[in-house]
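The structure under discussion appears below in the form of structure tokens.
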């Protein structure tokens, strides 16, 4: 099973997860630092990879305009539903793409990084 988000194919080369707590530090004039724990942040996943063709590139760019959750699929199965926070896309110089044999050899190849909120 390939990597996909909302049924759009991505050739992932890196996937990272990040999480944290909300802990403000208070420093009174006399005494030690006081830490207050207010909970935790939702997991943030950053997916980096390649997308072939303008249709898939545009589909991924349009995900950031929606308030819906989109299913992220990996070779291991569904990783859950995510909101797309940010998408960064840059075109890669390539003469002949052979990643997607169902598309023309001269189809553009894009490097994509998505920041996803769980």
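The values are calculated or read from the model by the stated rules, or taken from the named source; none is laboratory data. Bear in mind the structure is a predicted one, so any value in this text is a computation, not a measurement. Glycine also receives a Cβ, built like all others from the backbone with ideal geometry; neighbour counts cover every protein chain displayed.
Screening residue 54 on (1) in contact with a helix residue (DSSP H, G or I) (Cβ under 7 Å, 6 or more places away or on another chain); (2) more than 22 Å from residue 117 (Cβ to Cβ) shows it passes everything except condition (1). Among all residues of segment 93-108, there is none that is in contact (Cβ under 8 Å) with a residue 12 or more places away in the chain, surrounded by 14 or more Cβ atoms within 10 Å (Cβ to Cβ) and in a strand (DSSP E or B). Has segment 64-85 got any residue that is modelled with pLDDT of 95 or more, touching a strand residue (DSSP E or B) at 6+ places or on another chain (Cβ under 7 Å) and under 16 Å from residue 53 (Cβ atoms)? Scanning segment 64-85, I find no residue that is modelled with pLDDT of 95 or more, touching a strand residue (DSSP E or B) at 6+ places or on another chain (Cβ under 7 Å) and under 16 Å from residue 53 (Cβ atoms), so the answer is no. The strands (runs of 3 or more DSSP E) found wholly in segment 1-90 and carrying at least 1 residues that are without any contact (Cβ under 8 Å) to a residue 60 or more places away in the chain and surrounded by fewer than 17 Cβ atoms within 10 Å (Cβ to Cβ) occupy 11-18.
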